[in-house]
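One structure below.
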Ligand SMILES: NC(=O)c1ccc[n+]([C@@H]2O[C@H](COP(=O)([O-])OP(=O)(O)OC[C@H]3O[C@@H](n4cnc5c(N)ncnc54)[C@H](O)[C@@H]3O)[C@@H](O)[C@H]2O)c1
């Protein structure tokens with residue numbers, strides 16, 4: 001096999017849940033460049049329109065608007081991907097955040113974050129992996145976070161959800177390996193996106209966080225592309241249940 005063939009996704013169909021978001025678009029961009037066809041699934045119609053316009057010059061993009069918390073929307077997505085030959089790669093980039101002190105959080109806040117970051121991802125994955133099982137091959141890539149394994153100030157509910165997603169990654173990997181389906185995760189530190197910009201660029205937080213990052217800066221969405229390429233392609237076929245930390249060294253000391 002040629003080196004570049006290791007990463008080829010020609011003939012593969014990828015679904016990007018949260019595909020209108022910053023990291024979802026970045027995943028879509030690199031998978032398209034490696035030859036995959038891509039379906040973007042997201043709750044925001046406007047976001048999908050702009051993502052599709054941005055990505056259309058790169059490759060074949062289809063969009064579907066829906067909510068991962070609604071079974072009917074997931075079923076519509078499954079019908080669409082089935083009609084396109086079945087999904088090979090699923091990137092779970094759907095995610096929400098509510099930053100607040102633990103003492104102010106309500107059960108509703110936790111329910112909301114859990115319903116999207118864990119239950120929605122669980123439901124979407126459970127439905128789409130049936131198509132991978134039918135093929136005997138597939139790649140699931142979950143967006144965990146450094147909050148999956150270290151404590152985070154004012155993000156307790158998010159950290160709970162991302163810790164749950166890490167355990168989902170590992171347990172699903174055990175169970176699905178027998179069907180040829182690999183389940184792995186990315187764990188970014190702070191990535192400079194719409195989700196984080198108003199938080200990480202305050203003078204107070206730059207002074208707190210940047211000295212903790214040996215590489216000296218926050219991640220950009222481009223910093224995640226190599227790992228998406230690796231985990232989506234046959235280059236990582238003997239890897240499952242793993243989480244690759246992309247944090248500039250934040251959590252190594
Ligand atoms: N940005 C970071 O610093 C960072 C760090 C670690 C992990 N992550 C994770 O990466 C993922 C993507 O983050 P991002 O920065 O691109 O955020 P983003 O807000 O740009 O993208 C998330 C997308 O999910 C969509 N979405 C939300 N709820 C939905 C639902 N119920 N159904 C369908 N779509 C829904 C949103 O519309 C949005 O387009 C998230 O899971 C996030 O937790 C982000």
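Only the coordinates and a few stated rules stand behind these numbers; no lab work does. Remember, predicted model here, so these are calculated numbers, not experimental data. When we count neighbours, we look across all protein chains shown, and the Cβ atoms used for this are built from the backbone with ideal geometry, even at glycine.
Quick notes on this structure:
- Axis of helix 156-176 versus longest Cα principal axis of the chain: the two differ by about 30°, to the nearest ten degrees.
- Sorted by Cβ density within 10 Å, fewest first, the residues 7, 179, 41: 179, 7, 41
- More than 34 angstrom apart: percent of Cα pairs within the chain: 13
- Exposure proxy order (Cβ contacts within 10 Å, fewest to most) of 106, 196: 106, 196
- Of the residues 82, 71, 155, the one with the fewest other Cβ atoms within 10 Å heads the list, and the complete ranking is 71, 82, 155.
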